[in-house]
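Let me begin by presenting the structure, written as structure tokens, before commenting on it.
The values are calculated or read from the model by the stated rules, or taken from the named source; none is laboratory data. Values in this document were obtained by computation on a predicted structure and should not be read as measured data. No Cβ is skipped: glycine too gets one built from the backbone with ideal geometry, and neighbour counts run over all protein chains shown. Each accessible area value is taken on the protein alone, full model and side chains, heavy atoms only, with ligands, DNA and RNA left out. Shrake-Rupley method; radii C 1.70, N 1.55, O 1.52, S 1.80 Å.
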Amino acid sequence: MLWLIVYPILRIRQLIKEWIQATFKYLLRYDTFRRKVIYPKMGMQFDNSIKRTIDRPILHSEIDGGKYHFPVFANQTRIDELRNSRLREDDVLVVTYPKSGTHLCGYIVKLLAEKRRKIMQDPMVLPFYEMIQQRILKTHLPLALIPPCADTTVKNKIVFCLRDPKDACVSYYKFTLGLEILTGPVYESFHDWVELWLAGCVDYGDWFDFVLPYWEHRHRDNVLIVTYEDILKKPEQVILDIGNHLGYTVTPEEVEEVKQKIQFNNMKQVIEKGNKPAAASIMRSGKTGEGVTAFSERHHRIFDKMFRERIKGTDFDVYRY
């Protein structure tokens, strides 16, 4: 009888001991990761006085020996298969860094295309992907991993949407908080997240590594670069630019119709029809300027310095810090 009482107590003590050991082991691994990876990439020294509350472990797939960071569902085998795949010659690609207007820009393309092409809709994936004669493919793939784009003889139309990087960082953080399976390490503090983001240690990696290769190809006839801010401020012009890029003749009436449909509340209703649980994360505010207030003074200084250094030798001047 005594053993029945003592054994559970001893077992619980052992489990607590193992949990504490595992926690300290993880914290040590994370501090080492921060010291050896994050801070060097940010040009900073490790600060032992900074306390961290770890929410969950680092969960991402490292591709090509760590050159690329992808969500956990994308492994090396899948990326290699992607490299060997081919796009149709008339495919249209809507490309963005995460949380940079993917669905907004993609919806404009879809609205313009559906009047000119027969759409075959799949209720399992709408409104995120539409199977039409001229396919519209939305992606966060870097340029080097889209095989046709690496081949200058292929002329797939590309619409690349830029967003203020600080705003993208804030929106990305808010997005991951709404997911059960996160694309990377997310902490209780935005301060922790922004350091990982600045170091490129989040899914889809460094903002500059992702954006600048597409920027360098913007003069090609098949590449159009638009900005999230322009879509909000002057949607009529962006709609016309996208239509012209795709070879469409867009009427003033059509411009006004598309403009109304891409308004935030209307867009959110469309997203909710396809995936209501994720709608709050995908369509959160539809505003600009959050990065100005969310970034600390210290992180503003770090990013502004990084920005000036990383765009040296380019003519990238969309956002100036």
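Worth a mention:
- Radius 15 Å from Cβ of Glu297, net charge of other residues (Lys, Arg +1; Asp, Glu -1): +2
- Protein accessible area in the stretch 189-262, 1.4 Å probe - carbon and sulfur %: 50
- Accessible surface calculations at 1.4 Å, restricted to protein heavy atoms, place the stretch 196-251 at 39 Å² per residue.
- Area of Ser189 that stays accessible when all protein chains are in place (1.4 Å probe, Å², to 10): 50
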